[in-house]
Amino acid sequence: MDSTSRYGTQTVESVNHAEDGLKDKCGVFGIFGHTQASYLTYLGLYALQHRGEESAGIVVSDGRRMASHRGMGHVQDVFDGNLLESLAGDRAIGHVRYSTTGSSNLKNAQPILVDYSRGEVAIAHNGNLVNADLLRAELEAYGSIFQTTTDSEIIIHLMAKPSLRNVEEGVLDALSRVKGAYSLVLMTNNMLIAARDPQGFRPLWLGRVGGAYVVSSETCAFDIMEAEPLREIEPGEVVVITSAGLRSVRLESETPRVAQCIFEHVYFSRPDSIIFGENVHVVRQRFGRQLAKEQPCEADIVIPVPDSGNSAAAGFSIESGIPLESGIIRNHYVGRTFIQPSQGIRDFKVRVKFNFVKEVLKGKRVVVVDDSIVRGTTSRVRVKSLRQAGAKEVHLRISCPPHRFPCAYGIDFPTREELIANRYTSEEIRKYFDCDSIGYLSLEGMLSCVRTPKDFCTACWNGDYPIPFEGVDKYHAEKIGVRATTSGGKCS
Ligand code: SF4
């Protein structure tokens with residue numbers, strides 16, 4: 001239903017975990033050698049739901065042919081017992097999606113399954129290719145016909161070059177041509193391939209369940225099926241799994257710098273997951289402790305913006321000695337879309353998602369710990385709601401630095417102009433929010449909370465893009481705010 005419906009209702013998008021305008025990218029899962037492959041993939045996707053709520057899909061193979069099912073919506077709405085029963089086979093890949101390239105429709109849902117000259121191949125991809133448009137134009141000029149508008153399909157078309165002798169050679173050749181972020185799983189009838197780009201932007205794990213190998217964006221998918229996490233697939237590593245076992249191949253890179261997305265720790269990944277060598281909750285709690293040291297505050301209670309602010313708020317409370325309370329309750333049952341009343345309840349989008357606990361907030365000086373601020377509209381409404389609920393003072397503390405640059409590697413930030421910290425000083429933002437104080441974690445402070453700070457991307461805070469802009473699509477270059485031909489990775 002859209003805003004022109006004859007019933008006079010409006011549909012609003014409602015499930016962003018963090019601040020306004022910031023949305024999930026994708027989650028991938030793969031399994032090879034298990035009789036219940038489709039069911040375990042379903043469980044894996046269920047655990048990865050937070051990485052994409054727009055569509056879900058599974059492709060399964062019995063070693064001879066593939067079957068697939070994809071649908072719009074949450075994993076539990078897309079699949080049922082009968083469907084999973086019909087997806088028979090001992091190897092499978094799955095995907096949950098939020099679109100950052102390609103529009104939101106079933107055609108673009110993944111895994112993408114095609115039958116090409118070497119047989120069936122399916123691919124599921126998390127990340128964003130920054131030279132996809134250029135490659136697509138080149139491929140189309142040579143006669144390629146695309147089924148989707150996603151960047152992921154480009155990898156399959158690159159693999160199909162007649163001079164490449166087999167699937168593995170095709171994958172390696174294709175990955176040598178794409179730039180940007182990819183943690184992907186690719187399946188043929190006799191092979192599962194898992195690959196992570198040389199910068200390692202997005203997480204990707206390898207594990208074992210029974211005699212089967214499993215691959216997942218995050219370890220939380222392993223926990224649900226009692227799989228044993230073996231190790232992270234390394235930046236620039238391609239893992240090839242067949243009935244004969246597992247092999248690892250290294251990708252060559254023009255840009256050897258490892259640049260894992262630290263925003264996965266700040267916001268995206270689940271707190272019970274281990275990514276980039278550390279547990280997300282533990283790292284978030286360190287962010288909160290460091291934030292309390294850098295931005296101390298006289299207050300009565302610390303409250304998180306749930307859920308992604310929970311761990312950092314706990315850290316802030318431990319470090320500051322200010323008691324932790326639950327002053328904001330999140331409604332977990334809000335679906336992908338929500339019918340908005342035509343006669344406006346003001347700030348409906350925020351109110352439907354969060355409730356404010358008057359009994360906790362009344363007369364209190366409150367420190368509110370949130371993970372990030374993007375456009376600022378939601379934070380403003382939240383401060384107002386906290387005051388209406390009786391808070392005497394509202395102090396915002398943000399567990400990462402101010403976002404001034406968009407992401408080119410799979411996180412759907414708005415343009416530079418729309419990022420509030422790109423246009424206003426902290427004091428101007430404080431006044432706009434009408435809060436008593438605002439304080440961000442510093443970049444140095446954030447990096448001091450992870451074990452290998454030099455191995456992280458920080459481009460959305462300091463404009464230091466790890467991949468040179470040469471050969472980057474016009475779309476990405478314009479979004480970031482540089483000319484596509486500019487060399488070097490620094491954006492001022
Ligand atoms: S720009 Fe920011 S969100 Fe994007 S990969 Fe780098 S750290 Fe992550």
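Values as computed for the structure displayed
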{"item": "Overall dimensions of region 274-447 by Cα: Rg and Dmax, Å", "result": "16.0, 50"}
{"item": "On Cα atoms only, tilt of 37-47 relative to the major axis of the chain in degrees", "result": "20"}
{"item": "Computed over region 14-258, the ratio Rg/Rh where both radii use C-alpha atoms and Rh is Kirkwood", "result": "0.93"}
{"item": "Share, in percent, of DSSP beta bridges within region 274-447 that are antiparallel, nearest 5", "result": "25"}
{"item": "Protection proxy ranking of 80-89, 180-189, 269-278, 442-451 - average other beta-carbon atoms within 10 Å, highest first", "result": "180-189, 269-278, 442-451, 80-89"}
{"item": "Quotient of Cα Rg and 2.2 N^0.38 Å for the chain, N being how many residues it contains", "result": "0.98"}
{"item": "DSSP bridge orientation in the chain - percent antiparallel, rounded to nearest 5", "result": "80"}
{"item": "Per-peptide average of other Cβ atoms within 10 Å, ordering 201-213, 288-300, 227-239 highest first", "result": "201-213, 288-300, 227-239"}
{"item": "Cα-centred dipole magnitude for region 14-258, charges only on beta-carbon of K, R (+1) and D, E (-1), debye, nearest 20", "result": "480"}
{"item": "Helix axis angle, 280-294 relative to the chain longest principal axis, alpha carbon, degrees", "result": "30"}
{"item": "Using alpha-carbon coordinates, inclination of helix 132-141 to the longest axis of the chain, degrees", "result": "30"}
{"item": "Computed over the chain: relative contact order in percent, which uses C-alpha pairs under 8 Å that are six or more apart", "result": "15"}
{"item": "Cβ charges +1 (Lys, Arg) and -1 (Asp, Glu), total dipole of the chain, debye", "result": "880"}
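Any read-out appearing in this document is the output of simple, stated calculations on the displayed coordinates, not a laboratory observation. Owing to the predicted nature of the structure, the values given are computational and were not obtained by experimental measurement. Because the Cβ atoms are built from the backbone with ideal geometry, glycine has one as well, and the counts that use them run over all protein chains shown.
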